[in-house]
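**Student:** Once you've had a glance at the structure underneath, I'll fire off some questions.
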Amino acid sequence: MPLEPRFHRVAALHRRFVNREGPRAVFEEELGKIGHGPRVLNVVGVGGIGKSRLLREFERHVRSDFLVATLDLQVPAHRQQVDALAVLRMQLGEQGVRFDRYDIAYAVLWQRLHPHLGLSRRDLPFVEHSEVLSEILDGVASVPVFATAVGLVKLMDRGVGAKRRRRHLRTDGTLAQLDQLPGADLVDAVTYLFAEDLRIGCKDTPYLVVVDAYEALGLPSADTWLRDLVGQLDRGLTVIASREPVAWHQVDADWEEVIRVLPLEGLPMESRMELLADGGVSDPQLQEVIANASVGVPFYLHLAVDSEGKGRVVSQDEIMQRFLQHVDPDERRYLDLLSASRTFDFELFTRLAQAFHLPASRLAWERLVAYSFVYPASDERFQLHQLMANSLCVRLSSAIARDTHSMLHELWRDRAEKDNATDALCEAVYHGLHAEMLSSDRLLEYADRITASGGSQGMAVLVSDLTEYLGGHKSDETLEQTARCLAAESAVLLGDTSRINDLTPAGSWSLATMAGARLAVAAGHGRRIAGDTSEALTIYASVWEGRQGPERHPAGLWSADLHMAQGRFGAAIRLANELAATCPADAYVLRGDLARLLYLAARFSYDFQHADQYLREAEICYQQAGTIVGAALIKTNRAELLAWTDPFSAIDVSLDAVAANADLGALHEVGKAYTAMGHAHLAIGRFEEAESSLDQGCRALEKAGYRSGRARAELVKATLHARRGHADEAEASVSWAVDELVKVEVYPTLLMVAAHLLGALGRTDDKVSRAAEEARTRIEALDSLDALEARLQYHLRGLLA
């Protein structure tokens, strides 16, 4: 039978026999329940039973009256919450649903994951389909955009139109809170806004969300995000295909009333015989043998039709083998080789064929993609049915499999060189692993490229692929540590301290490798964010002293920063100078960070002349780097310095710092800027303005969870109480601030300030005095402790005067 007629005939047969009345009736019943909370139809059956084709039949049945969106969890990116939401948003957006709030929230999350990049059309997956993001980017032209909810909503005012339609975004309570949320909560908020926008945007049109290959998620805990999403889809029907029933009722019994299981059984014998007869298998005895061997699974019946029913078989495996014996030898070799690839297109097919000296014609390609087990995938690519891929890949020898993966690695690597696309980078890693071509260091380079390209959600795909690879191969301690390193670095971006610390128990890394050193730095970040300052410093110092590569730089910077925060100013400056001598000349951000660290050491030593000098150096470096984050930090630090040296000027600078950091969502910096503003108002005797500014600063610092900054603000409030003659309130504020500073083990010079402040009030407190004395023993002054304390007392007297 000619290829095209046979292909279309088999497709028609499948629709005829898979489109059984039972499943259709159940589907219709579930459609009738839409609108009364979430509904889930769980299609359950063995591999090859026809779940995917039934799902597509469901889609075709409702497409004219429903909004329809699909996730295929066999695609690695679809298994990740953020990417899956973007896929659904694209599909539903093309059908007319607006996702204004979700688009802004997604951009905020994207920025949180890529703090080094500005927002651009190139990096966001759906910016061209988002009216609200397009308006923002059009309105600011080539100016870098740092995506925070507050900043993006403000930027809408620069757009050329639609301001009235955007009023609801400016007043939206959820958007207003996004910048204050930690990473994990921000992801949940993005999911919530997706569901809310869909609820509003679908209006009276119901929707169907199809989730295929549920088992590809792997571990049961990996489906938490999907469960949370489906629980919020209350205006449509979600259909999930899985090999075993989805067990969400074990987590929450309420799912019992939401999920309906639809077992998909093999075709009845009569239908099997009819399908084989209509497909060209005319011998009744052979029909019966094949029908029994298939157990009614459509995948194997189609293979029998594809091989025109030749040969006698008694099992599903023999049907598979008979098919492979039936096809042309070159076609069989194509299929064997393609089984190594998760997706393929004509270029990939051609490269594989040429590499293994096979003819690479368009006709051969079209014959392959016409088979019933070849499915369309994204971006005009194709993929093999999983059962076929599993059967074929074991036919490859180890040597041929490595050669195939090696060639595929080179192809995806070349594609990634052209546009740095995240999917190309991930596929290059996948094949490089299976070709045994990638060292740990090379994997880290790929991970850095994925993050830098604006596709750090691809990091989750990379970690998943690496974990799966390790599960199927002999233990490799270096690669296992690399997987933990990448997972921990992803958690650092989200500020997920519990996840970081779970991945980095004490002593779980080796500084002998780059991955181990980077894992240690991530562990240090986890401890530092959680307030375990001494442990963080110990970890950072071990990397700085034990490594020679670029991974030393963040360890050295944070070591110096913690030395500064704990009053070892000399050690901080020596380490900063040593690091500056080893970092590249064009590492402007790092050089700016180092200069700003020197500024802080001088400021907390109350040496304001040198502090000003270092701050100017930092500003120049940040300008060379073109970093708006660095520019905002300079505004805050300038305000804090001027509050001591020129309080009248400090007020306007503080206002600028508040605005700049609010646009960036840097809540702790906003709090510090308000504290500087309160300090400045206090210095010039504006007590009411000082109180208002300090109250705003304290609220921001508490929301940010910035304990040391909040303690510093409380000391300024204590000084305000003292200026007003409220000695009891001043003493209470001093006591609270000292408790906090002792707990987080930072800023010993502020403990000395606290003791001198009580002394100026004629008060004493044993706890405060003891803390100040202990602080004096820890401080390594830039000149001498006596000189530092003299400067401190001089400036404090000026503030109290």
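The values are calculated or read from the model by the stated rules, or taken from the named source; none is laboratory data. Since this is a predicted model, take the numbers as computed values, not measurements. Counting neighbours? That spans all protein chains shown, and the Cβs are built from the backbone with ideal geometry, glycine included. The area values use the complete protein model at the heavy-atom level, side chains included, leaving out ligands, DNA and RNA. Shrake-Rupley method; radii C 1.70, N 1.55, O 1.52, S 1.80 Å.
**Student:** When segment 678-709 is examined, which residues are found to be over 22 Å from F648 (Cα atoms) and either open to solvent by less than 20 Å² (accessible area, probe 1.4 Å) or in contact with a Ser or Thr (Cβ under 9 Å, 6 or more places away or on another chain) (or both)?
**Tutor:** Within segment 678-709, A700, L701, S708, G709 qualify.
**Student:** Which number in (1) over 30 Å from L109 (Cα atoms); (2) touching a Gly at 6+ places or on another chain (Cβ under 7 Å) marks the one condition that G671 misses?
**Tutor:** Of (1) over 30 Å from L109 (Cα atoms); (2) touching a Gly at 6+ places or on another chain (Cβ under 7 Å), only one is false for G671: (1).
**Student:** Go through segment 721-731 and give me each residue that's touching a residue at least 12 places away in the same chain (Cβ under 8 Å) and open to solvent by 10 Å² or more (accessible area, probe 1.4 Å).
**Tutor:** H721, A722, R723, R724, A727, E731 - these are the residues of segment 721-731 that are touching a residue at least 12 places away in the same chain (Cβ under 8 Å) and open to solvent by 10 Å² or more (accessible area, probe 1.4 Å).
**Student:** A follow-up question, please. So K203 ticks every box in (1) over 20 Å from G705 (Cα atoms); (2) touching a residue at least 24 places away in the same chain (Cβ under 8 Å) but one. Which box is left unticked?
**Tutor:** Going through the list (1) over 20 Å from G705 (Cα atoms); (2) touching a residue at least 24 places away in the same chain (Cβ under 8 Å), K203 breaks only (2).
**Student:** Please verify whether H431 is in a helix (DSSP H, G or I) and at pLDDT 80 or above, treating the condition exactly as stated.
**Tutor:** When the stated conditions are applied, H431 passes them.
**Student:** Run down R518, R591, R596 and say which single residue is touching a residue at least 40 places away in the same chain (Cβ under 8 Å) and touching a Cys at 6+ places or on another chain (Cβ under 7 Å).
**Tutor:** Selected residue: R518, the only one of R518, R591, R596 that is touching a residue at least 40 places away in the same chain (Cβ under 8 Å) and touching a Cys at 6+ places or on another chain (Cβ under 7 Å).
**Student:** Go through segment 426-456 and give me each residue that's among the polar types (S, T, N, Q) and either out of contact with any helix residue (DSSP H, G or I) (no Cβ under 9 Å at 6 or more places or on another chain) or open to solvent by 20 Å² or more (accessible area, probe 1.4 Å) (or both).
**Tutor:** If the condition is that a residue be among the polar types (S, T, N, Q) and either out of contact with any helix residue (DSSP H, G or I) (no Cβ under 9 Å at 6 or more places or on another chain) or open to solvent by 20 Å² or more (accessible area, probe 1.4 Å) (or both), then S439, T451 are the ones that fit.
**Student:** Next question, about the same structure. Looking at segment 628-647, is at least one residue touching a Pro at 6+ places or on another chain (Cβ under 6 Å) and either modelled with pLDDT of 95 or more or among the aromatic types (F, W, Y) (or both)?
**Tutor:** No, segment 628-647 has no match at all.
**Student:** Right, something else. Can you tell me which residue is farthest from the chain's Cα centre (by Cα) among those in segment 195-231 that are buried (at least 22 other Cβ atoms within 10 Å of the Cβ) and farther than 22 Å from Q74 by Cβ?
**Tutor:** Y207
**Student:** Looking at R199, R235, which one is charged (D, E, K, R) and in contact with a helix residue (DSSP H, G or I) (Cβ under 6 Å, 6 or more places away or on another chain)?
**Tutor:** Sole residue among the options that is charged (D, E, K, R) and in contact with a helix residue (DSSP H, G or I) (Cβ under 6 Å, 6 or more places away or on another chain): R235.
**Student:** Closer than 24 Å to L425 by Cβ, surrounded by fewer than 20 Cβ atoms within 10 Å (Cβ to Cβ) and of a type in the set (D, E, K, R), is that true of R402?
**Tutor:** Yes: the conditions hold for R402.
**Student:** Separate question: What do you reckon, is Q793 under 30 Å from Q177 (Cα atoms), without any contact (Cβ under 8 Å) to a residue 60 or more places away in the chain and either in contact with a strand residue (DSSP E or B) (Cβ under 7 Å, 6 or more places away or on another chain) or outside any loop (DSSP other than H, G, I, E, B) (or both)?
**Tutor:** For Q793, the condition - under 30 Å from Q177 (Cα atoms), without any contact (Cβ under 8 Å) to a residue 60 or more places away in the chain and either in contact with a strand residue (DSSP E or B) (Cβ under 7 Å, 6 or more places away or on another chain) or outside any loop (DSSP other than H, G, I, E, B) (or both) - is not met.
**Student:** So R415 ticks every box in (1) farther than 28 Å from R442 by Cα; (2) without any contact (Cβ under 8 Å) to a residue 24 or more places away in the chain but one. Which box is left unticked?
**Tutor:** Status for R415: all satisfied but (1).
**Student:** Please find, among L352, L363, L408, the residue that is open to solvent by 70 Å² or more (accessible area, probe 1.4 Å) and either in a helix (DSSP H, G or I) or not hydrophobic (A, V, I, L, M, F, W, C) (or both).
**Tutor:** L363 is the lone residue from the list that is open to solvent by 70 Å² or more (accessible area, probe 1.4 Å) and either in a helix (DSSP H, G or I) or not hydrophobic (A, V, I, L, M, F, W, C) (or both).
**Student:** Answer yes or no: is there a residue in segment 262-281 that is at pLDDT 80 or above and outside any helix (DSSP H, G or I).
**Tutor:** Yes, segment 262-281 contains a residue that is at pLDDT 80 or above and outside any helix (DSSP H, G or I).
**Student:** Of the conditions (1) at pLDDT below 95; (2) among the aromatic types (F, W, Y); (3) over 30 Å from P182 (Cβ atoms), Y622 clears all except one; give me its number.
**Tutor:** If we test Y622 against (1) at pLDDT below 95; (2) among the aromatic types (F, W, Y); (3) over 30 Å from P182 (Cβ atoms), just (3) comes out false.
**Student:** Identify, from the list G507, G526, the residue that is at pLDDT below 95, in a helix (DSSP H, G or I) and among the small types (G, A, S).
**Tutor:** Residue meeting the stated conditions: G526.
**Student:** Sort out for me the helices (runs of 4 or more DSSP H) sitting completely within segment 140-249 that have 3 or more residues that are modelled with pLDDT of 65 or more and aliphatic (A, V, I, L, M).
**Tutor:** 149-155, 183-201, 224-230
**Student:** Would you mind finding the one in A541, A576 that is in a helix (DSSP H, G or I) and crowded, with 23+ Cβ neighbours inside 10 Å?
**Tutor:** The match here is A576.
**Student:** Based on what the data block shows, is V742 buried (at least 22 other Cβ atoms within 10 Å of the Cβ) and in contact with a Leu (Cβ under 8 Å, 6 or more places away or on another chain)?
**Tutor:** no
**Student:** Could you identify the single residue in L67, L92, L71 that is in contact with a helix residue (DSSP H, G or I) (Cβ under 9 Å, 6 or more places away or on another chain), over 24 Å from Q177 (Cα atoms), among the aliphatic types (A, V, I, L, M) and open to solvent by 10 Å² or more (accessible area, probe 1.4 Å)?
**Tutor:** L67
**Student:** Would you confirm whether any residue within segment 583-596 is part of a helix (DSSP H, G or I) and of a type in the set (G, A, S)?
**Tutor:** Within segment 583-596 (the criterion being part of a helix (DSSP H, G or I) and of a type in the set (G, A, S)), the answer is yes, since at least one residue qualifies.
This table checks each residue for (1) among the aromatic types (F, W, Y); (2) modelled with pLDDT under 95; (3) part of a helix (DSSP H, G or I); (4) crowded, with 21+ Cβ neighbours inside 10 Å.
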position: A483; (1), (2), (3), (4): no, yes, yes, yes
position: L486; (1), (2), (3), (4): no, yes, yes, yes
position: S490; (1), (2), (3), (4): no, yes, yes, yes
position: D502; (1), (2), (3), (4): no, yes, yes, no
position: L511; (1), (2), (3), (4): no, yes, no, no
position: L537; (1), (2), (3), (4): no, yes, yes, yes
position: P550; (1), (2), (3), (4): no, yes, no, no
position: W558; (1), (2), (3), (4): yes, yes, yes, yes
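**Student:** Output yes when any residue across segment 391-399 is part of a helix (DSSP H, G or I), hydroxyl-bearing (S, T, Y) and either more than 36 Å from the chain's Cα centre (by Cα) or surrounded by 17 or more Cβ atoms within 10 Å (Cβ to Cβ) (or both), and no when none is.
**Tutor:** Yes, some residue in segment 391-399 is part of a helix (DSSP H, G or I), hydroxyl-bearing (S, T, Y) and either more than 36 Å from the chain's Cα centre (by Cα) or surrounded by 17 or more Cβ atoms within 10 Å (Cβ to Cβ) (or both).
**Student:** Taking the condition open to solvent by 20 Å² or more (accessible area, probe 1.4 Å), touching a strand residue (DSSP E or B) at 6+ places or on another chain (Cβ under 9 Å) and of a type outside the set (K, R), does D234 pass?
**Tutor:** yes
**Student:** Restricting attention to segment 248-265, report how many residues are hydrophobic (A, V, I, L, M, F, W, C) and open to solvent by 60 Å² or more (accessible area, probe 1.4 Å).
**Tutor:** Residues that pass the stated criteria total 3.
**Student:** Could you list all residues from segment 368-382 that are part of a strand (DSSP E or B) and either modelled with pLDDT under 75 or open to solvent by less than 20 Å² (accessible area, probe 1.4 Å) (or both)?
**Tutor:** V374, the sole residue that qualifies.
**Student:** I'd like the residue in segment 663-677 that is open to solvent by 30 Å² or more (accessible area, probe 1.4 Å) and in contact (Cβ under 8 Å) with a residue 40 or more places away in the chain and, out of all such residues, is nearest to A722 (Cα to Cα).
**Tutor:** H668
**Student:** Would you confirm whether any residue within segment 648-655 is more than 25 Å from Q111 (Cβ to Cβ), open to solvent by 70 Å² or more (accessible area, probe 1.4 Å) and among the aromatic types (F, W, Y)?
**Tutor:** So far as segment 648-655 goes, yes, one or more of its residues are more than 25 Å from Q111 (Cβ to Cβ), open to solvent by 70 Å² or more (accessible area, probe 1.4 Å) and among the aromatic types (F, W, Y).
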